[in-house]
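What follows is a short report on a single structure.
The values are calculated or read from the model by the stated rules, or taken from the named source; none is laboratory data. Remember, predicted model here, so these are calculated numbers, not experimental data. Every residue, glycine among them, receives a Cβ derived from its backbone with ideal geometry; neighbour counts consider all protein chains shown. Areas reflect the complete protein model, heavy atoms only, side chains present, ligands, DNA and RNA absent. Shrake-Rupley method; radii C 1.70, N 1.55, O 1.52, S 1.80 Å.
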Amino acid sequence: IPFVLLGIYAPKQVLKIMGGDPMIMELGESYMRIILIAAPTFMMNYIFTAFARNDNAPTIAMIGSLSGSMFNIVFDYILMFPMGLGMTGAALATALSPVVTMAICCVHYAGKHNSIRFKWRKPSFLQLISCCQLGISGFVGEMASAVTTTIFNMLLLGITGNIGVAAYGIVANLSLVATAIFNGVSQGTQPLISRSYGHGDQKSVSQLLKWGMIVTVIVEAILIAGAWGFTDVFVSIFNSEGNAALHTYAFDAMRLYFLGYLAAGINIMLVSYFSATGRAKPAFVASMLRGAVAIAICAIVMANILGINGVWLSFLAAEVITLLVSIWMMRI
């Protein structure tokens, strides 16, 4: 409800808080309004896919997620250009994509293999608190990109102006893909670890965590090698006008920022492990560190010391701090 109300009455104010100048606010008002009004569909989408995945229907959840994403990509183009709706069309495509995903997940809920029954129940405050304790780490993890974007935008506007923000936009788009891969690995192992933990099979829990970590480290190595080996290619995709200043900023940003994935993937896996084994406190602490506290402190301090390179390296510093704290929490 708060998101919907902000979308109706204050989309420009939200953009301003996130560091938008008058031109950005004018361009992004319709986009922000539609996205915020559609917030309930994004939230419900997580519930639909999570319950399907945990009810032995990971394939349907995957098909639903892929279909929603493809709908977004295709209709971004259709609504923006052939239909001439511009940013409004992009927002509508994004807002409708979770509806596609949920509709496909309903195939499972309406099928014979569904073991979930939806019934009216009297709300239990204690049960709600219990769920929130384990789920809040996921909330903070999802919120991390918004916090990071807001802080980075404000710092970069003061250091380089809009050109620095544009460079970060390139890195942020690519990092979303990287983070999504690690989220996929962690969410894939989460129900398996949770089931083994519930059965008291600690050996399987340790084995699953080990396998998840091995996959995560391999993916980290591939991502960082790709970011350093094909930096020019990735930057050029977003810099079709050949802006030299943008290329320079984005080139350095991508190489330095992606070093943070030396630890970020492992942190995401550990947070999922903590949640799957009922350890709400370490999951929350690790999520808060990497999602808000450590990244905010590191970005502000390092920007004052190293300038724009300090902003890019703050992601690495925050993730290393989180990793050290997570390893310590595993031992206690």
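Figures for the structure shown
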item	result
Residue-normalised accessible area of the chain, given per residue in Å² at a 1.4 Å probe	54
Pairwise label distance in nanometres, LEU128 with ILE159, each label 7 Å out on the Cα-Cβ vector	4.2
Carbon/sulfur fraction of accessible area - region 1-78, other protein chains in place, 1.4 Å, %	76
Relative contact order computed over the chain (Cα-Cα under 8 Å; 6+ residues apart), in percent	16
Among LEU128, LEU66, LEU256: highest mean-square fluctuation, GNM of the chain, C-alpha pairs under 10 Å	LEU128
Within region 96-117, backbone nitrogen closer than 20 Å to the virtual label 7 Å beyond the Cα of SER67 toward Cβ	96-116
Gyration tensor (alpha-carbon) shape descriptor, region 191-282, a/c threshold 1.5	prolate
Cα gyration tensor category, rounded, prolate or oblate, for the chain with a/c compared to 1.5	oblate
Positive-end residue, the chain charge dipole about Cα centroid, Cβ charges, pick of ALA95, ALA180, ILE332	ILE332
Full-stretch length increase - ALA221, VAL177 - with 0.36 nm per residue and alpha-carbon distance subtracted	14.3 nm
Carbon + sulfur, % of accessible area of region 190-235 - ligands and nucleic acids excluded, 1.4 Å	69
Segments 39-52, 95-108 sorted - mean Cβ within 10 Å per residue, highest first	95-108, 39-52
Among VAL293, TYR261, PHE274 the positive-end extreme of the charge dipole of region 209-332 (Cβ point charges)	PHE274
Difference of contour (0.36 nm per residue) and Cα-Cα distance, LEU324 to VAL147	61.6 nm
Solvent exposure, largest accessible area first (probe 1.4 Å, DNA, RNA and ligands not counted), of MET213, MET269	MET213, MET269
Inter-part distance where region 33-52 and region 65-142 are each reduced to a Cα centre, Å	4
Cβ-based net charge around ILE136, under 12 Å, with every Lys or Arg adding one and every Asp or Glu removing one	0
For the chain, built as a Gaussian network whose Cα springs stay under 10 Å, the top-fluctuating residue of LEU306, LEU259, LEU270	LEU306
Fully extended contour minus Cα-Cα distance, from ILE116 to MET43, at 0.36 nm per residue	24.4 nm
The chain, dipole about Cα centre (Lys/Arg Cβ +1, Asp/Glu Cβ -1), debye to the nearest 20	1420
VAL185 accessible area, 1.4 Å probe, all protein chains in place, Å² to nearest 10	30
Range in the chain, longest, excluding exposed trypsin sites (Lys or Arg not before Pro) [loop by DSSP; at most 11 other beta-carbon atoms within 10 Å]	122-332
Candidates LEU289, LEU209, LEU126, ranked by Gaussian network fluctuation over the chain, Cα under 10 Å, top entry	LEU126
